[in-house]
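To start, the structure itself, in structure tokens.
The values are calculated or read from the model by the stated rules, or taken from the named source; none is laboratory data. All values reported here derive from a predicted model rather than from experimental measurement. Positions of Cβ are generated from backbone atoms using ideal geometry, with glycine treated the same way; all protein chains shown enter the neighbour counts. The area values use the complete protein model at the heavy-atom level, side chains included, leaving out ligands, DNA and RNA. Shrake-Rupley method; radii C 1.70, N 1.55, O 1.52, S 1.80 Å.
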Amino acid sequence: PQYEEPKETRRADVTYDDIGGLGDTVDQVREMVELPLRHPELFQRLGIDPPKGVLLYGPPGTGKTLLARAVANECEAQFYHIAGPEIMGKHYGESEQRLRDVFTEAQRNAPSIIFIDEIDSIAPKRENVQGEVERRIVAQLLTLMDGLEPRQNIVVMGATNRREAIDEALRRPGRFDREIIIGVPDQDGRREVLAIHTRGMPLTEDVDLDEVARVTYGFVGADLSALAREAAMERLRKILPDINLKDGIPADVLESLRVSREDFLGALKRVQPSALREIMIQV
Ligand code: ATP
């Protein structure tokens, strides 16, 4: 069967400007991925092999997928997204076949980035859980990566929340031998992410993103994005009683629509940092 890319990944139009709070991590990724994809001749000239595999690790929602998409887009590479758990097929050999299909497509359309999300789910440590299927998938992935030639212009990026949970064989030289941590943003980082997610959002003057950044300790990018969205929804709920949904929205109402500090405070009551949510579920 032909590998079919999920629709949402067909257009990877995310840019580096859409990523906030990762500091020089973006530069590290550019050096490891963009440079070899754009200018393989530099590596050739110096007689070194460019990296084949880069592992992004860090808590959920910090921007690993976003970063991989941005790099692909910025270096005009094809982007292939493999969701770890989803590649598990029901039938014998199906998962390996899917992996092979992706690699074949990526080679045909190079330069390409193959992004494997939740890689720990398909390549867990052997002594841990590995059943028959996982063993075969790991073996297949290793074979495919070992078979990639530097001049083929393909970089495989893996993402995981638990670096220590993946099979060590995957982290050997020539495989995922570069690792980049994508951490939880600090206050300045949160401020940057908030600025990105309120870019297209008219705000009243009393909204102080520094203040919002200060009170959102523990929020990751995905949480801050949810917070901004929720603040806008707060505003919408407030104007709803004044408008007749059957009619068009009057131009002046639309024009004066702005998200306020109060809306953000309201949103803060609804949106919790995802790390905290996980703890609460465990308790
Ligand atoms: P997971 O491990 O759950 O797949 P992830 O690290 O891949 O998480 P993303 O899927 O990249 O996280 O993030 C989800 C969404 O959260 C992004 O589409 C974006 O809207 C927002 N987001 C996350 N991190 C950032 C960031 N650093 N800057 C701006 N937005 C971010």
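Residue under question is GLU192, and the condition is that it be under 16 Å from GLY20 (Cβ atoms) and either open to solvent by 30 Å² or more (accessible area, probe 1.4 Å) or hydrophobic (A, V, I, L, M, F, W, C) (or both); does it hold? Yes.
Any residue at all in region 78-101 that is within 13 Å of the ligand (Cβ to nearest atom), surrounded by fewer than 21 Cβ atoms within 10 Å (Cβ to Cβ) and within 12 Å of the chain's Cα centre (by Cα)? Within region 78-101, one or more residues are within 13 Å of the ligand (Cβ to nearest atom), surrounded by fewer than 21 Cβ atoms within 10 Å (Cβ to Cβ) and within 12 Å of the chain's Cα centre (by Cα). Yes or no: ARG108 loosely packed, with under 14 Cβ neighbours inside 10 Å and within 22 Å of PHE79 (Cβ to Cβ)? Spelling it out, ARG108 is indeed loosely packed, with under 14 Cβ neighbours inside 10 Å and within 22 Å of PHE79 (Cβ to Cβ). Pairing residues of region 216-233 that are in contact (Cβ under 8 Å) with a residue 24 or more places away in the chain and open to solvent by 20 Å² or more (accessible area, probe 1.4 Å) with residues that are part of a helix (DSSP H, G or I) and within 8 Å of the ligand (Cβ to nearest atom), at Cβ distances under 6 Å and at least 6 apart in sequence or on separate chains, gives SER225/HIS197.
The single condition among (1) open to solvent by 40 Å² or more (accessible area, probe 1.4 Å); (2) touching a residue at least 60 places away in the same chain (Cβ under 8 Å); (3) within 13 Å of the ligand (Cβ to nearest atom) that ARG199 does not meet is (2).
Checked against (1) modelled with pLDDT of 90 or more; (2) buried (at least 16 other Cβ atoms within 10 Å of the Cβ); (3) within 13 Å of the ligand (Cβ to nearest atom), ASP17 passes all but a single condition, namely (2). Among the residues here, ALA72 qualifies as within 16 Å of the ligand (Cβ to nearest atom) and buried (at least 19 other Cβ atoms within 10 Å of the Cβ). When we screen ASP252, ASP263, ASP206 for residues that are more than 16 Å from the ligand (Cβ to nearest atom) and assigned to a loop (DSSP other than H, G, I, E, B), the only hit is ASP206. With respect to the conditions (1) of a type in the set (Val, Ile, Thr); (2) open to solvent by 50 Å² or more (accessible area, probe 1.4 Å); (3) without any contact (Cβ under 8 Å) to a residue 12 or more places away in the chain, ILE243 falls short on a single one, namely (2).
Across region 45-66, which residue is nearest to the ligand (Cβ to nearest atom) among those that are over 30 Å from LEU194 (Cβ atoms) and open to solvent by less than 30 Å² (accessible area, probe 1.4 Å)? Full working, then the answer.
Here is the first cut: in region 45-66, the ones over 30 Å from LEU194 (Cβ atoms) are 45-53.
Then drop every residue that is not open to solvent by less than 30 Å² (accessible area, probe 1.4 Å), which leaves 50-51, 53.
Values: PRO50: 24, PRO51: 20, GLY53: 17 Å.
Only one residue fits best here, namely GLY53.
Applying a threshold of 6 Å to beta carbon distances and a minimum spacing of six or more residues, or different chains, the list of pairs starting in region 72-91 at a residue that is in a helix (DSSP H, G or I) and ending at one that is of a type outside the set (Asp, Glu) and open to solvent by 60 Å² or more (accessible area, probe 1.4 Å) reads ILE87/ARG98.
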